[in-house]
1. Highest first, please rank the peptides 189-197, 36-44, 390-398, 308-316 by the mean number of other Cβ atoms sitting within 10 Å of their residues.
2. Under 8 Å for C-alpha pairs, at least 6 residues apart: give me the relative contact order for region 155-195, rounded to a whole percent.
3. R0 = 35 Å: FRET efficiency of Lys414 with Thr19, Cβ-based, nearest 0.05?
4. Classify region 121-165 as rounded, prolate or oblate, taking a ≥ b ≥ c as the square roots of the eigenvalues of its Cα gyration tensor: rounded when a/c is under 1.5, otherwise prolate if a/b is larger than b/c and oblate if not.
5. Can you give the net charge of the other residues whose Cβ lies under 10 Å from the Cβ of Ser34, counting K and R as +1 and D and E as -1?
6. Compute the Cα gyration tensor for region 43-99, then decide on rounded, prolate or oblate, letting a ≥ b ≥ c be the square roots of its eigenvalues: rounded whenever a/c is under 1.5, prolate when a/b is larger than b/c in the other cases, and oblate in all that remain.
7. In the chain, which cysteines lack any other cysteine Cβ under 4.7 Å from their own?
8. Can you run the Rg to Rh ratio on region 155-195? Use alpha carbon positions and the Kirkwood inverse-distance Rh.
Amino acid sequence: MTTNLLEYWEHYDNALDITHQQLLNGLAYNYDFSKPRGAISCYSIVKKNEQYHLSTSYCIGVDWLDDKSAIYIAPKLNSKSANEEINLEEVDYIKMLFSSLKYLETSNEMNDLFEIKWNKPEIEINQVKDLLTPLLVIQYLSLVKTIVRKGLKKSYYKVEHNLNSRVKGKVLVGKTIKQNIVKNKQLFTYCNYDEFGVNGLENRLLKKALVFVKRYLPTFDKLNHNDFTTDLFNYITPAFENISEVVELNEIKHSKTNAFYKEYAEATRLAKLIIKRFGYNISNTEKNTISTPPFWIDMSKLFELYVLGLLKKEFPKHNELQFQFICKGHELDYLLNSGKYKMIIDAKYKPQYRYTGISREDFRQISGYARLKKVYKALEKNHDENIDCLIIYPDLNKTENDFSDLTSVEKSIKKYVRFYKIGVNIPLIPSKIS
């Protein structure tokens, strides 16, 4: 059965296309992406004056509306103001991820970036619309690179060998009789015993996922626009040259926590997702039309990580910039305490801020952070002083980023005291502009 795919983009707020109006018959359709800090709406379709009206936020992905129709939200943003004709530009979300990876201290910082609905039927889409797999692959390769840099973890694992003139571990009587005694190989004995080395189950799982990744990389042009992927893969593969890829996913229930090898838990989870993503069949990596489970990617979270990379590059000193500063249920994006600045910084994935002031909701949220005593203590400021607050938003018309003076008059928000905003450029795909 052919699926009706309704294709739209981020921050869309208008009536559905006339050809899509007649495909739906319900009163309303919506889905919320559950997050620890509260759910965010992926899309909402409501009927107004006999017409369906669609509102999308900053999530991209594909999901079912009903048993015949699905919605696809592309990573595209409007570079114009609300009063101008729409000009959509495609965001290079893979490049955003590339640029932030080297600045992430733990894999936990990427939690809640995406959601996969494995329990729902798969949706058939063209491979160029597959937003999920590149994200999984890049995140996976980055983690495995960290593991390889440290050295693969060694562990005990079961092996089975036909030993000559010796016995070790458990003798496999049945197999010895069938394969040796019957064939008059009297000096050989099949034994099962433990070995200690790098060929353990976890490393085998990582190797198996790498085999899928190797077949996948040449098929997706978005990953080939940067030498980063090839260099990353070539750096990793020699370490796994002597590792077997024979492993079943159900053999690895969970990865044992280890302070030195903390990346293993997330890497094995992603390895399972990649193998499951291709339906355990390596030939599926080369298809032009694919079936994908419904999924959502939080672009606001990705932008938060992208801005982290920009700020870390600008303020590289140890503890100069704190990411995800937590205080009594509040989680601040960034806390900057450098020689020149002592400020709260918040990333807002709202390109409209180039043309407008900030919303009351955002002002109240950030000004609330600026009243927390723990923040005053971290910034070493007296309680009678106001704390500078900066909002960073994506500016699709900007070519270069300038962090030289974060509190300049040009960056100040006129209505508020010591509030500033600055736009940063984000990677775009020129050939995909529509």
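Rule-based calculations on the coordinates, nothing more; no lab input. Keep in mind it's a predicted model, so treat the numbers as computed, not measured. In this analysis, Cβ positions are derived from the backbone assuming ideal geometry, glycine residues included, and neighbour counts consider all displayed protein chains.
1. Numbers: 189-197: 15.6, 36-44: 14.0, 390-398: 20.0, 308-316: 17.4.
So the peptides 189-197, 36-44, 390-398, 308-316, ranked by packing, come out 390-398, 308-316, 189-197, 36-44.
2. On the way: 63 pairs, mean separation 25.0, N = 41.
Contact order relative to length: 61 percent.
3. That pair, Lys414 with Thr19, gives E of 0.20.
4. Values: a/c = 4.71, a/b = 1.92, b/c = 2.46.
It is oblate, given that a/c is not under 1.5 and a/b is not larger than b/c.
5. Details: positive: Lys35; negative: Asp32, Asp112, Glu115.
That works out to -2.
6. In terms of gyration-tensor shape, oblate.
7. Cys191, Cys327, Cys389
8. That ratio equals 1.01.
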